[in-house]
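As structure tokens, the structure follows; a few thoughts come after it.
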Ligand SMILES: [Zn+2]
Ligand SMILES: [Zn+2]
């Protein structure tokens, strides 16, 4: 048995007991005060000095070089009938704490920066961490992130170069007409018609005007207009979301949506107000770093236990690090056939503790061989 496996096995119990504490303390984005305390205590007990950042986040460093490998975990829970770790961030935290512990016990001399990031589920805790200088001093030259993944067997990871998770934007388009009696539509301007036209036109237009090899999702989620059968409403509000894997293409879709809303407003004699919100860019794993990470991980986990991943239109604010430094984001298998089968964000979400072992093993092994 190699020395890494031995040290992980000796300390796994402690990591699992930490998981129980974190799991029992789920807190929503930017409210992770108790979580921050638990993490701080554990890091202190290992001899790490850690620093608070981004309100409820933490950063701790092993080694004293001017350049570091960054390892990031998110720390927030989601609201599933109250705060709950249904996105597995308790697994992420425990894995990164375990990694910090094992690297310390192994007496590793490399410099590693551990990022405990709040508010992944809200509007980008990663962005705040970066703004507050988390990538500097020591300078993070490469960043490793991961997410537990249901239905992927424990002992397996999935990773591919390029985009793995999508960008997220949403929009609110309001068509303002002229309300009145439903029996006199000829003296009103019914905003329902441009709203319906807009939804239909955009649905068709994005299909025929964009290259299908560049995948995207445009989903309309609500159309609100009026409340009763005999009144024409003043306005109609359309909401939806846009997901892509490519920032230039994302910008193109944004322009198409805004231009089409204007054109349709004119066509129906309605005024239009548009709000287009840009949230996360796509998660893009750096080609060269992913190749290096894959090679090192295959050696440790076995050729067949490091598989390519299938892209998903869900999102992750790890993407903000990807924009700044070469980064790799992998998926950690948590399924043992009974645990780890329910989807992320499900109230039934769970995972095998063996995933902690393999997560720590993957990260420690990478640091030692990078
Ligand atoms: Zn989530
Ligand atoms: Zn998550």
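Computed from the coordinates by the stated procedures, all read-outs in this text should not be read as laboratory data. Small disclaimer: the values here were computed from a predicted structure and weren't measured. Neighbour counts are summed over all protein chains in view; Cβ atoms, including those assigned to glycine, are modelled from backbone coordinates with ideal geometry.
What whole number of Å gives the distance from the Cα centroid of the stretch 318-370 to the Cα centroid of the stretch 256-301? Going from one Cα centre to the other spans 23 Å.
Remark: spin-label model distance residue 182-residue 136 equals 6.1 nm, labels positioned 7 Å along the Cα→Cβ axis.
For the stretch 228-359, relative contact order (Cα pairs under 8 Å, six or more residues apart, normalised by length) works out to 19 percent. Each of the peptides 319-332, 90-103 was scored by the mean count of other Cβ atoms within 10 Å over its residues; in descending order, highest first, they stand as 90-103, 319-332. The packing ranking, built from the mean of other Cβ atoms within 10 Å per residue, places the peptides 187-195, 299-307 in the order 187-195, 299-307, highest first.
Taking the longest Cα principal axis of the chain as reference, the axis of helix 354-369 is set at about 70 degrees.
Using the Cβ-Cβ distance between residue 81 and residue 310 with R0 set to 41 Å, the FRET efficiency works out to roughly 0.85.
Of the residues 23, 216, 85, the one with the fewest other Cβ atoms within 10 Å heads the list, and the complete ranking is 23, 216, 85. What separates the Cα centres of the stretch 135-203 and the stretch 47-90 is a distance of 27 Å. For the stretch 167-278, the relative contact order works out to 45 percent when only alpha carbon pairs closer than 8 Å and six or more residues apart are counted.
When each of 317, 197 is scored by the number of other beta-carbon atoms lying within 10 Å, the sequence from fewest to most is 197, 317.
Mean projection of the Cα convex hull over all viewing directions, computed for the chain: 20.4 nm². Exposure proxy ranking for 199, 75, based on other Cβ atoms within 10 angstrom of each Cβ and starting from the fewest, stands as 199, 75.
In percent, rounded to a whole number, the relative contact order of the chain is 23, using alpha-carbon pairs under 8 Å and six or more apart.
Sorting 363-369, 3-9, 276-282, 46-52 by their mean Cβ neighbour count within 10 Å, with the most densely packed peptide first, gives 363-369, 276-282, 3-9, 46-52. The residue 16 and residue 287 beta-carbon pair, evaluated with R₀ = 30 Å, returns a calculated FRET efficiency of approximately 0.25.
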